[in-house]
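I have a structure here, written as structure tokens, and I will follow up with some questions on it.
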Amino acid sequence: MYLYNSATHKKEEFIPNHPDIVKMYTCGPTVYHFAHIGNLRSYIMEDVLEKYLRYVGYNVKRVMNITDVGHLTSDADEGEDKMLKGAKREHKSVMEIARFYTEAFFSDCQKLNIKRPDVVEPATNCIDEYIKIISKLLDTGYAYAAGGNIYFDSSKLEKYYIFNDHNEEDLAVGVREGVEEDTNKRNKNDFVLWFTKSKFEDQALKWDSPWGVGYPGWHIECSGISMKHLGEDLDIHCGGIDNAFPHHTNEIAQSESYLGHKWCNYWMHVLHLNTNSGKMSKSKGEFLTVSLLEEKGYDPLCYRLFCLQSHYRKSLVFSWENLDNAAGTFQKLIAKIAALKPSDEPIDEAAEAALRERFNKALGNDLNTSLAVTALYDVLKYKTNDATKLAMLSEFDQVLSLDLLKKAEEARKKAAAATTTGGAYSIVSESGEQDAAVEQLLQARYDAKKAKNFAEADRIRAELSAQGVELTDFPGGVKWKRV
Ligand code: AMP
Ligand code: ZN
């Protein structure tokens, strides 16, 4: 497989360090709020990478941290701890907030068919690891104490900037909320490894350390957690592009200074999901969640398909219109699969090999998911039997995770039920949502029209309209969507 490596700024052949395992690390969520669909774009694309590596036969061990301490409102160690901010907002304890939003995160992941990593580790679980690394960095002169905090000394490095081929805007450090520069820092790029003299005396979580009671900086957690579970080397490290600087840059600085050798070989960064007003972000306060998509009647997997339709190294603009297009594509795709006839015909091996080659050519080339989606249509169009087509779709869906066969089966059953209840009349939800109450009303409207009771049909249309459901009749059926 070829993968673009942000550290070398090149597409490179992926060769793991060890033949028997691929070690993969993902920066997890800061659990002070719900994940927004931008965060989840990153996790969807990383999920495809993990599943594709498994699909081509690698044994993958994937580790993810949960940031429940130390991530300040500015990514450059300034401002308030985000967790504390969340706790104040909701009048709860930091641990309650962490527990609630961690569960919410994995529930969203489940709805999007994002696999849970093999190891999920909260940052607050690994204080001893951070103390061990920081102690050695102090002993070897890579770190210093100032104003009560411990800082990494970036001037000790030959090369600090790694990911500098990105836009200034993408590298911009998170939101600054009227905070002053830290005057303890010797150099602009120095960063906090351990806070003791926090500017925020009300920091809820504190631990004993050789440098006094305090808490770890955000960056050290990913180095500590990765080394705890994956050892001294790493094959692939993933995250959204905003993590490249300073977070990943600092992870490399401290990990390689601590280890005395190269740490991670491949860096994969997912570009942002943007709205018309710029990057979707939790701190701006206006963001879209999976629950909101569901409330508006979208199947969360429409959003997964929407993400798969574009390359992870291009920023993606979210709009309801774009999501509607993905929902329409998804529904048509499922309808086509539902029209295939399951049978025990023998598998056509030549077709299988040709189709697999297209799929591998797409994903093996820096995870081209949009071409991998096209490969699904190649299966549908290919001159071969339905059993082979269904087998290939099922195989490709191990990576794309769109529940293709399950949804096609549901659609088939629904069509059969419609036929047995006497209707060739089709009721189509534009977003793919299933809502029995809406469908019942639409069926009643159809029955009323058939009985020439147009007043009743109009009344039902008005009732649905009051619920925000818009109808479009077409020959043989009706399409509905929420507006
Ligand atoms: P956070 O919970 O803020 O620590 O972010 C979790 C993950 O989402 C990180 O990998 C971020 O880089 C990524 N991320 C944040 N905002 C976006 C966005 N608008 N689009 C894509 N990924 C994002
Ligand atoms: Zn991280």
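As a check on your grasp of the helix formula, calculate [θ] at 222 nm for the chain: sum -39500 (n - 2.57) over DSSP H runs of n ≥ 4, divide by the residue count, round to the nearest 500.
Calculated at 222 nm, the ellipticity per residue is -13500 deg cm²/dmol.
Separate question: So, taking all protein chains as they sit and a 1.4 Å probe, how much accessible area belongs to His272, in Å² rounded to tens?
Accessible area, nearest 10 Å²: 30 Å².
Hey, if you put +1 on the Cβ of every Lys and Arg and -1 on every Asp and Glu Cβ in the chain, which of Thr289, Phe152, Gly79 ends up farthest toward the positive end of that dipole?
Farthest along the dipole direction, towards plus: Thr289.
Want the number for Glu456 to Lys61: 0.36 nm per residue separation, take away the alpha-carbon distance, what's left?
Length gained between Glu456 and Lys61: 136.2 nm.
Consider a paramagnetic label point 7 Å from the Cα of Asp208 along Cα→Cβ; state which residues of region 112-155 have an amide N under 19 Å from it.
Once the point is set 7 Å along Cα→Cβ of Asp208, 124-135 turn out to lie under 19 Å by backbone N, inside region 112-155.
How far apart, in nm, are two points set 7 Å out from the Cα along the Cα-to-Cβ line at Leu157 and at Glu232?
2.0
I would also like to ask the following. With +1 assigned to the C-beta of every Lys and Arg and -1 to the C-beta of every Asp and Glu, and no other charges, what is the dipole magnitude of region 333-396 about the Cα centre in debye, to the nearest 20?
280
Could you give the dipole magnitude of region 429-483 about its Cα centre, charging the beta-carbon of Lys and Arg +1 and that of Asp and Glu -1, in debye to the nearest 20?
Magnitude of the dipole: close to 200 debye.
³J(HN,Hα) across region 336-351 via Karplus (A = 6.51, B = -1.76, C = 1.60, θ = phi - 60°), whole Hz, x for Gly/Pro?
5, 5, 5, 7, 6, 9, x, 7, 9, 4, x, 6, 8, 5, 5, 4
I've got another one for you. Starting at 0 and stepping by 5 Å, how many percent of the alpha carbon pairs of region 22-139 end up in each bin?
All Cα pairs, binned at 5 Å, distribute as 2, 10, 17, 20, 19, 15, 9, 5, 2, 0 percent.
Pairs of Cα atoms under 8 Å, at least six residues apart: use those to get the relative contact order of the chain, whole percent.
16
Let me ask something else. Strictly greater than 17 Å: what percent of every Cα pair in region 366-409 meets that?
Tail of the P(r) past 17 Å holds 27 percent of the pairs.
How much length is gained on full extension from Lys414 to Phe100, taking 0.36 nm per residue of separation minus their Cα-Cα distance?
Going from the current span to full extension adds 109.4 nm.
Leaving out ligands and nucleic acids, note down the accessible area per residue over the chain with a 1.4 angstrom probe, in whole Å².
Dividing the accessible area of the chain by its residue count gives 43 Å².
In square nanometres, what is one fourth of the surface area of the convex hull spanned by the alpha carbons of region 328-472? Intermediate values should be presented prior to the final figure.
On the way: hull surface 41.9 nm².
So the Cα hull casts an average projection of 10.5 nm².
Evaluate the relative contact order of region 198-272 (contact order divided by residue number), counting alpha-carbon pairs under 8 angstrom at least 6 apart; express in whole percent.
Relative CO of region 198-272 lands at 32 percent.
Express in Å², to the nearest 10, the accessible area of Asp153 obtained by rolling a 1.4 Å probe over the protein heavy atoms while all chains stay in place.
Only protein atoms counted, so the area is about 0 Å².
Two decimals is fine: what is log10 I(q)/I(0) at q = 0.22, 0.23, 0.24 Å⁻¹ for region 11-79, from a Debye sum with one equal scatterer on every Cα and no solvent?
The computed values of log10 I(q)/I(0) come out as -1.01, -1.06, -1.10.
When the distances between all Cα atoms of region 303-379 are binned every 10 Å from zero, what whole-number percent does each bin get?
17, 40, 32, 10, 1
Using DSSP to call loops (not H, G, I, E or B), can you name the trypsin sites (Lys or Arg not before Pro) in region 335-419 whose Cβ has at most 16 other Cβ atoms within 10 angstrom?
When the trypsin sites (Lys or Arg not before Pro) of region 335-419 are filtered for loop state and at most 16 Cβ neighbours within 10 Å, Lys383 remain.
Right, next: If I model a spin label at Lys88 and Gln434 as a point 7 Å from the Cα along the Cα→Cβ vector, what separation in nanometres do I get?
Reported label-point gap for Lys88 and Gln434 is 4.6 nm.
I've got another one for you. Please give the length that would be gained between Val119 and Ser319 if that part of the chain were fully extended, namely 0.36 nm times their separation in residues minus their C-alpha to C-alpha distance (nm, one decimal).
Gain on extension, Val119 to Ser319, equals 68.6 nm.
Let me ask something else about it. Do any GluC sites (Glu not before Pro) in region 266-321 lie in a loop, going by DSSP, with at most 13 other beta-carbon atoms within 10 Å of their beta carbon, and if so which?
Passing both the DSSP loop test and the Cβ count: Glu286.
Roughly how far apart, in whole Å, are the Cα centres of region 104-124 and region 308-359?
That distance is 25 Å.
Given a 1.4 Å probe and every protein chain left where it sits, what share in percent of the accessible area of region 25-109 is carbon and sulfur?
55
Could you work out how far the C-alpha centroid of region 30-71 sits from that of region 425-451, in angstrom?
Here the two parts' Cα centres lie 38 Å apart.
Principal axis lengths of the chain from Cα atoms, whole Å, largest first?
So the three principal-axis extents are 85, 54, 34 Å.
With a point put 7 Å past each Cα toward its Cβ, work out how far Ala335 is from Tyr2 in nm, to one decimal.
3.7
The values are calculated or read from the model by the stated rules, or taken from the named source; none is laboratory data. As the structure is a prediction and not an experimental result, all values here were calculated from the model. For neighbour counting, all protein chains shown are included, and Cβ atoms are generated from backbone atoms with ideal geometry for every residue, glycine included. All accessible areas refer to the heavy atoms of the entire protein, side chains included, with ligands and DNA or RNA removed. Shrake-Rupley method; radii C 1.70, N 1.55, O 1.52, S 1.80 Å.
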